[in-house]
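**Q** Handing you this structure, nothing more for now.
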């Protein structure tokens, strides 16, 4: 039979085991996950810094390459001996014109061919006799014409506004990058370099090479950082010369938006410019957020996997614990013949073996105790039964002796026959259980014996339930009460006795009722009590035999009032094997 055992609100062993393992698993997962996240975040930041620094350095190199290309153009002019020699001529005339057209202009044209993009070369000469060569820029910007060169007299330079602002920077003969004149408006930048006679070291002019910033700083547009941000080239005063926004569009003015920015600046060699990188921290945190999410997901996955393993392991052990508890419940219910089945060789196997051995020993002990109890019960029943028979025989022989003195031979003969019939029924082939109808027949035989003694001084009526007569009872449960009626209730007058047998549900009820002298209350208390003085031996004998045979819920109940009579109620089960 399936048993459902509850444990109230107590925490089950599986839950305790699962909770303990979960705490043990959770702690290292959280610690390792936190450390992994921090190390990964630091590695991402370090890699980002290195990547940005490396990219910025590559951009600086690319810008430097463009600047060097223009610088090499100035070197070819600065160190060209033929140009130097042509510029030393002081007399205007055919020689001067021939030097310009045959030497200087071809040299300048050759220099322009190596320009990396659109460029405009302007040569300002102190030799006012050297012929000028220039274009009309009123309608077309110089850089819109492609690669061009122009030659001006130095006096024109003195008239320009930008020259006075850069004289201090031109004190040396090194090239200097500046944004002068119309450069800012036309988004260009200029290389300025004083020209000096290599022999006399006298200044002979000024070289200006203009280049479009989109060509010089083209790497700011073509090179990708991998994150959204801003790139700027700043001059020494911090002004933006050129920049690139997140959409890779040129930027010449910029107002920093709200929010924190990661900033890195790298100097551009050969200039006083700096390359500035500005990336919103929100962009940099995207990868950090990704690392965080991956770390959380990995920790959650590991935790879920470990919890599933934990659940399986705790379920594995708790299942065996529940089997042990269930088996203990079976033993508690008294099913000692059941055995605990477990095939393992671990501690649970040892417990199973010990429980089976204990159950077997207890079952064997119970069987022995049960058998001993049955034997004791049967012995007690035989003793009680043996005590009834001599008592009845003693009273019968006493009556026969009295009748013999009175020479009542016929009565003696009838009593002897009745006594023989009574004992024949009593013997019942040695069995203590007898059919109720035979018990009634036996009591009628006993009443026939008493009729010989008392004649017509009493009457007996029977109220017998047919459904009860086919049941069984222990023998001699009515005789002692009928005998008490004759011995103690019959004094003077007529005694009426009523014997009833009824089935009430699962019980059989015997009743012996008389209208005799009755029993005094103190005597009744002594009969049914447990004092030292206990009259009514036969009554107690029947009560003890019934309780011994069927249990304490069955037995004898007596109600009596002096001068009115006595009623005896005998209760036994209807199902007697």
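**Q** Is it fair to say residue 388 is at pLDDT below 75 and surrounded by 12 or more Cβ atoms within 10 Å (Cβ to Cβ)?
**A** It is true that residue 388 is at pLDDT below 75 and surrounded by 12 or more Cβ atoms within 10 Å (Cβ to Cβ).
**Q** Does residue 141 count as under 16 Å from residue 183 (Cβ atoms) and touching a helix residue (DSSP H, G or I) at 6+ places or on another chain (Cβ under 7 Å)?
**A** yes
**Q** If we keep just the residues of region 217-276 that are in a strand (DSSP E or B) and loosely packed, with under 14 Cβ neighbours inside 10 Å, which is modelled with the highest pLDDT?
**A** 267
Residues checked against (1) touching a residue at least 12 places away in the same chain (Cβ under 8 Å); (2) surrounded by fewer than 16 Cβ atoms within 10 Å (Cβ to Cβ):
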| position | (1), (2) |
| --- | --- |
| 407 | no, yes |
| 412 | yes, no |
| 416 | yes, yes |
| 419 | yes, no |
| 425 | yes, no |
| 433 | yes, yes |
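**Q** Also: State which residue is modelled with the lowest pLDDT when the search covers only region 530-547 and only residues that are in a loop (DSSP other than H, G, I, E, B) and surrounded by 12 or more Cβ atoms within 10 Å (Cβ to Cβ).
**A** 534
**Q** How many residues does region 81-97 contain that are touching a helix residue (DSSP H, G or I) at 6+ places or on another chain (Cβ under 6 Å) and either surrounded by 14 or more Cβ atoms within 10 Å (Cβ to Cβ) or part of a loop (DSSP other than H, G, I, E, B) (or both)?
**A** Adding up the residues that qualify gives 3.
**Q** Tell me, please, whether a residue that is under 27 Å from residue 210 (Cβ atoms), under 60 Å from the mean Cα position of the chain (by Cα) and touching a residue at least 40 places away in the same chain (Cβ under 8 Å) can be found in region 99-107.
**A** no
**Q** Can you find, within region 45-64, the residue that is nearest to residue 218 (Cα to Cα) among those that are surrounded by fewer than 17 Cβ atoms within 10 Å (Cβ to Cβ) and touching a helix residue (DSSP H, G or I) at 6+ places or on another chain (Cβ under 8 Å)?
**A** Among them, the one singled out is 58.
**Q** Another question, if that's okay. Take region 117-134 and flag every residue that is under 15 Å from residue 208 (Cβ atoms) and free of Cβ contacts under 8 Å to residues at least 60 places away in the same chain.
**A** 132, 133, 134
**Q** Now a separate question. Residue 289 fails exactly one of the following numbered conditions: (1) exposed (fewer than 14 other Cβ atoms within 10 Å of the Cβ); (2) assigned to a helix (DSSP H, G or I); (3) assigned by TED's automatic domain parsing to the domain that holds residue 216; (4) modelled with pLDDT of 75 or more. What is the number of that condition?
**A** (4)
**Q** Further, regarding this structure: List the helices (runs of 4 or more DSSP H) that sit entirely inside region 426-509 and contain at least 2 residues that are closer than 24 Å to residue 416 by Cα, out of contact with any strand residue (DSSP E or B) (no Cβ under 6 Å at 6 or more places or on another chain) and modelled with pLDDT under 90.
**A** Here the list reads 436-454, 479-484.
The values are calculated or read from the model by the stated rules, or taken from the named source; none is laboratory data. Note that the structure is a prediction, hence the values are computed from the model and not measured. Methodologically, a virtual Cβ is constructed for each residue, glycine included, from the backbone with ideal geometry; neighbour enumeration extends over all protein chains shown.
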